[in-house]
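J.: Dropping a structure here in structure tokens format, bear with me for questions.
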Amino acid sequence: MKINPQCVVSLTWTLKDTLGEALDELDEPTEFLVGGHDLLAKIDEALQGHAVGDVLELHLEPEHAFGDFDDQLLYLEPRSCFPAELEEGMAFEGLPPGCNPAAPADRLYFVSEIYPEHVVMDANHPLAGIALRIALKVHAVREATLEEVGQGTLGTGFFKLDTPPGA
């Protein structure tokens, strides 16, 4: 069976930056809904017409991956608003009470820097501004169920941590 919209593909991948440094590797095949919200549009598009055993090598510029880095999505917040056990890289859904009320509540924020009195919170995707190289291998293809199509996702949207601007 060839990959088409509204089917489920089982993939493994190696994700690298343009310098060849590995950013992520998925060794165990994982299912994604093609034509849904699980994959970036360029990956979804590139998979069309491929079949089990195919390997794809893609180069994605930031605008086709996780967007450009936006320094307007950096927020300097009081350290006192955060738990004592705070580490760089931790993620928060929205900012805690006492932080900037103008910051979007529906974003995922990452701790990028910690100072004695302040914390820098970053609402950019961790891979924003990075051109990516991804090697995908197709392990299985099947028709999606009506329920899967209706949900628009299998819940394994690695490539979709948040809604990109303009989506």
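No value in this document is a laboratory result; all are computed from the given coordinates. Bear in mind that the values here come from a model prediction, so they are computed numbers and not experimental data. When we count neighbours, we look across all protein chains shown, and the Cβ atoms used for this are built from the backbone with ideal geometry, even at glycine.
J.: Mind telling me which of 77, 21, 45 comes out most flexible in a GNM of the chain, alpha-carbon contacts under 10 Å?
T.: Looking only at 77, 21, 45, the largest GNM fluctuation is found for 21.
J.: Can you give the Rg and Dmax of the chain based on its C-alpha atoms, in angstrom?
T.: So, for the chain, Rg and Dmax equal 18.2, 58 Å respectively.
J.: Amide H to amide H under 5 Å from residue 139: which residues, 5+ apart in sequence or cross-chain, H placed 1.01 Å off N in plane?
T.: For residue 139, the qualifying residues are 10, 11, 12, 53.
J.: So how strong a dipole does segment 58-132 carry about its Cα centre when Lys and Arg Cβ are +1 and Asp and Glu Cβ are -1, to the nearest 20 debye?
T.: Taking the Cα centre of segment 58-132 as origin, the dipole is about 180 debye.
J.: Now a separate question. Relative contact order for the chain: what is it in percent, counting Cα pairs under 8 Å that are at least 6 residues apart?
T.: 36
J.: Based on the alpha-carbon gyration tensor of segment 38-96 and its eigenvalue square roots a ≥ b ≥ c, which shape applies: rounded if a/c is under 1.5, prolate if not and a/b is larger than b/c, or oblate?
T.: prolate
J.: Here's a follow-up. Is the C-alpha gyration tensor of segment 71-122 telling us rounded, prolate or oblate? Criteria: a/c under 1.5 is rounded; beyond that, a/b larger than b/c is prolate, otherwise oblate.
T.: rounded
J.: Moving on. Given +1 on the Cβ of Lys and Arg, -1 on the Cβ of Asp and Glu, and no further charges, what dipole in debye does segment 31-167 carry about its Cα centre, rounded to the nearest 20?
T.: 200
J.: Restricting to DSSP H runs of at least four residues, report the calculated mean residue ellipticity at 222 nm for the chain, -39500 (n - 2.57) per run over all residues, nearest 500 deg cm²/dmol.
T.: Helices in the chain give a 222 nm mean residue ellipticity of -2000 deg cm²/dmol.
J.: Right, another one. Any idea what the relative contact order of segment 102-148 is, in percent, if you count C-alpha pairs under 8 Å spaced at least 6 apart?
T.: 23
J.: Report the residue, chosen from 82, 66, 32, that carries the largest GNM mean-square fluctuation when the chain is represented by alpha-carbon nodes joined by springs under 10 Å.
T.: 82
J.: In sequence order, what are the phi-derived ³J(HN,Hα) couplings for segment 31-37 according to the Karplus relation 6.51 cos²θ - 1.76 cosθ + 1.60 with θ = phi - 60°, rounded to whole Hz, with x for glycine and proline?
T.: 8, 9, 8, 7, x, x, 10
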